[in-house]
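K.L.:
What follows is a single structure, and I will ask about it in a moment.
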Amino acid sequence: MLEAIFHELNHAHFGSALPPPKLSWNSRLSSTAGRFCPGSRIPLRRISAEIEVATYLRDLPDGTIHVRDTVLHEMIHYFLWHQRKPHGHTAEFHDIMKRVGAKRYNTVPQLRPIKHWYECPVCRIEVPARRKLGISACAPCCEKHNRGRYHDRFRLRIRGRGEKGPETKVPSPVLVPDERPLSPAEIIGRLEELKLLLKKKIP
């Protein structure tokens, strides 16, 4: 199925100039309908480029149409990569997308169910999550009490399995990730600020 669609679109939009990449179904894709995986051109370590399509698209009404749209979108990435050009969502990508009639976004994303609920120990805001979160904190509390920086006091904690989440929607964003280490430039900048403060305090 994927091979036939590729050859049809290759002939219709790219003059059959694209060599067939590896084409495969991916059962792990859900929010995205497909993806393009660049190959390797390194001698003795050559790897074919690959286009993956979400497996669930086959089972949807008009599934063939969604699969076709996805393959065409990924073929634009492949076309640019094949020409050794930037193959992201560049201006050229969008120009080609409009010319061939490809879609920019997945119109039928398959969202995973909410599996976890987190709670701020201070303001009690509740946060739904489809997967376990890393070290994160309540953004409103960090903003209000700690200048928007992470503090362990506001670290979100997971609720018990038997507890249900709230019916109301939670505003986004509500998370503040653990503060990253400062870069050398940021350290120098803060030292300069500290020097200025000390000069002002010295009579």
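The values are calculated or read from the model by the stated rules, or taken from the named source; none is laboratory data. Model, not experiment: these values are computed from the prediction. We work out accessible area using only protein heavy atoms, side chains counted, and drop any ligands, DNA or RNA first. Shrake-Rupley method; radii C 1.70, N 1.55, O 1.52, S 1.80 Å.
K.L.:
So who's got an amide H within less than 5 Å of the one on ASN26, skipping anything under 5 residues away but keeping other chains? H placed 1.01 Å off N, in plane.
P.N.:
It is VAL53, ALA54, THR55, by chain and number.
K.L.:
³J(HN,Hα) across the range 128-140 via Karplus (A = 6.51, B = -1.76, C = 1.60, θ = phi - 60°), whole Hz, x for Gly/Pro?
P.N.:
Result, ordered by residue: x, 8, 8, 9, 5, 8, x, 6, 9, 10, 6, 4, x Hz.
K.L.:
In whole percent, and with a 1.4 Å probe on the protein chains, what portion of the accessible area of the range 18-62 is carbon and sulfur? Before the final figure, lay out the partial values.
P.N.:
Working: 1430 of 2820 Å².
Roughly 51 percent, rounded to a whole number.
K.L.:
Starting at the first residue of the range 62-71, write each ³J(HN,Hα) from the Karplus equation 6.51 cos²θ - 1.76 cosθ + 1.60 with θ = phi - 60°, in whole Hz, x for Gly and Pro.
P.N.:
Ordered by residue, 3J(HN,Hα) equals 6, x, 4, 5, 5, 5, 4, 4, 5, 4 Hz.
K.L.:
Hey, can you grab everything whose amide H is under 5 Å from the amide H of PHE14? Only 5+ residues off in sequence or another chain; H modelled, so Pro and N-termini drop out.
P.N.:
none
K.L.:
Kindly report the accessible area of the range 34-106 per residue (heavy atoms of protein chains, probe 1.4 Å, no ligands, DNA or RNA), in Å². Spell out each step's value before the answer.
P.N.:
Numbers: 4210 Å² over 73 residues.
That works out to 58 Å² per residue.
K.L.:
If you take the alpha carbon radius of gyration of the range 11-147 and divide it by 2.2 N^0.38 Å, what ratio comes out, to two decimals? Write down the numbers at each step before the final one.
P.N.:
Details: Rg = 20.2 Å, N = 137, 2.2 N^0.38 = 14.3 Å.
Expressed relative to 2.2 N^0.38 Å, the Cα Rg reads 1.42.
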